[in-house]
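S.K.: Quick one: the structure is below, and I'll ask about it shortly.
The values are calculated or read from the model by the stated rules, or taken from the named source; none is laboratory data. Keep in mind the model is a prediction, meaning the values are calculated, not measured. Glycine gets a Cβ as well: all are built from the backbone with ideal geometry, and neighbour counts include every protein chain shown.
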Amino acid sequence: MSRGALVVSLDFEMAWSDRHSPVLASRDAQLLRGTRAVVTRLLEIFDRYGISATWATVGHLMIRREDFNGGGRIDYNWPAPQFRWFQGGWYEGIPAFGEDGADVFYAPDLVEKIVNCRTYQELGTHTFSHIDVGDPGCSAETARAEFSLCQELGRNWGRTLRSVVFPHNYAGHLDVLEETGYRCYRGLNCEWYRFGWDWSKSSKAARLMIQPLRYLDEKWPICPPLPAPRRVGKLWEIPHSMFFPGLHGISRYISPADRVRRAKRGLGRAVEDGRLFSLWTHPENMLIGADALLGAFEEICREAAALRDAGKLDVLPMEEVAARLESGKDTWSD
């Protein structure tokens, strides 16, 4: 039986997190600037406890000034996605590097901190511009262009990207992932209250209907699910177990202590049953109530490090999970 394992993944997005039009409200930009402090503090926590996490980073955030041929603006010379829910052209409204507001669309300073952290951090991707890859409005050509560009940007940082997190966990064009050199991706949310449905394809009203059930799931002291990884073509799907939410929406009624208790139950079951516990969040989730949320997240990392140091738990980035599955060393299944 495999030893229990923890994989931590972070969807790193900044201004790309909730785009519905080419216009970003100034109040949103002001809040998002706090992401720099949150990312720095998360890296300090990971380094303090020797936690190697996967930073699924929107490729646009990886762009450095020297990556431009001139003018500080990317040439989006591929078909833009045609999302019915987006008001305007997908690649419109993005400031050039150095322009006002560009600091929430580009973050090479933070990517540098990630790749230079003393405790190794995996640089993964969250697509180049936070596209919904599984949406019918995203063509294979668009997905191929975005994932290929992410690999190019990763090489500029001395990394080969192996892991993908789909925005909204909305998977699609898996053959394109294989073609462009990726090895694994994070699977859909699988909490009991989703009843096995792919809610990412449902209407906003339908998703709102499950919020009371989501509240009960996060509030009850029950163990999150720990499904086994699975092979999909040549890729590995790394399961989802628990989302660490922010203090907004219905999750503002869930205390940081509730989050810690639930995560510790997941870690305990991973150890007992030789399973994989997959914990994920967004740095942007911690912009409101940062001290309380980062304190709770640190407590989870402290518990994981104690179990690891006791020889009971492995703490792995997504790429290492995939490598172990590929070698047959671990399965994290019954």
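S.K.: For residues that are closer than 13 Å to ILE300 by Cα and either out of contact with any strand residue (DSSP E or B) (no Cβ under 9 Å at 6 or more places or on another chain) or assigned to a helix (DSSP H, G or I) (or both), tally how many sit in the stretch 242-271.
M.R.: Residues that pass the stated criteria total 13.
S.K.: For TYR49, work out the one condition from (1) of a type in the set (Ser, Thr, Tyr); (2) farther than 24 Å from ARG186 by Cα; (3) touching a residue at least 24 places away in the same chain (Cβ under 8 Å) it doesn't fulfil.
M.R.: (2)
S.K.: Inside the stretch 131-155, can you point out the residues that are crowded, with 23+ Cβ neighbours inside 10 Å and either aliphatic (A, V, I, L, M) or assigned to a loop (DSSP other than H, G, I, E, B) (or both)?
M.R.: Taking the stretch 131-155 first, the residues crowded, with 23+ Cβ neighbours inside 10 Å are 131, 133, 138, 142-143, 146-147, 150, 153.
Those that are crowded, with 23+ Cβ neighbours inside 10 Å and either aliphatic (A, V, I, L, M) or assigned to a loop (DSSP other than H, G, I, E, B) (or both): ILE131, VAL133, CYS138, ALA143, LEU153.
S.K.: Among the residues of the stretch 156-191, what is the count of those that are surrounded by fewer than 17 Cβ atoms within 10 Å (Cβ to Cβ) and touching a His at 6+ places or on another chain (Cβ under 6 Å)?
M.R.: Of the residues in that region, 1 qualify.
S.K.: Picking from VAL8, VAL39, which residue would you name as being in a helix (DSSP H, G or I), among the β-branched types (Val, Ile, Thr), under 15 Å from the mean Cα position of the chain (by Cα) and at pLDDT 90 or above?
M.R.: The conditions single out VAL39.
S.K.: Those residues that are in contact with a Phe, Trp or Tyr (Cβ under 9 Å, 6 or more places away or on another chain) and outside any helix (DSSP H, G or I), I need them from the stretch 15-36; list them, please.
M.R.: Those that are in contact with a Phe, Trp or Tyr (Cβ under 9 Å, 6 or more places away or on another chain) and outside any helix (DSSP H, G or I): ARG19, HIS20, SER21, PRO22, LEU24.
S.K.: Considering the stretch 82-129 alone, what residues qualify as being touching a helix residue (DSSP H, G or I) at 6+ places or on another chain (Cβ under 7 Å) and of a type in the set (Lys, Arg)?
M.R.: Selection gives LYS113, ARG118.
S.K.: Within the stretch 88-95, is even one residue within 22 Å of PRO317 (Cβ to Cβ) and either touching a Lys or Arg at 6+ places or on another chain (Cβ under 7 Å) or without any contact (Cβ under 8 Å) to a residue 12 or more places away in the chain (or both)? Working first, answer last.
M.R.: Within the stretch 88-95, the first condition is being within 22 Å of PRO317 (Cβ to Cβ), and the residues that meet it are none.
Within the stretch 88-95 (the criterion being within 22 Å of PRO317 (Cβ to Cβ) and either touching a Lys or Arg at 6+ places or on another chain (Cβ under 7 Å) or without any contact (Cβ under 8 Å) to a residue 12 or more places away in the chain (or both)), the answer is no, since none of the residues qualifies.
S.K.: Considering every residue within the stretch 116-124, establish whether at least one is out of contact with any His (no Cβ under 6 Å at 6 or more places or on another chain), farther than 22 Å from THR281 by Cβ and of a type in the set (Val, Ile, Thr).
M.R.: no
S.K.: Let me ask something additional. If a residue has to be at pLDDT 90 or above and hydrophobic (A, V, I, L, M, F, W, C) to count, how many in the stretch 61-85 make the cut?
M.R.: Residues flagged as at pLDDT 90 or above and hydrophobic (A, V, I, L, M, F, W, C) within the stretch 61-85 amount to 6.
S.K.: Return yes or no: is TRP280 surrounded by 21 or more Cβ atoms within 10 Å (Cβ to Cβ), aromatic (Phe, Trp, Tyr), closer than 23 Å to LEU110 by Cα and at pLDDT 95 or above? Give the derivation first.
M.R.: Numbers: surrounded by 21 or more Cβ atoms within 10 Å (Cβ to Cβ): yes; aromatic (Phe, Trp, Tyr): yes; closer than 23 Å to LEU110 by Cα: yes; at pLDDT 95 or above: yes.
Yes.
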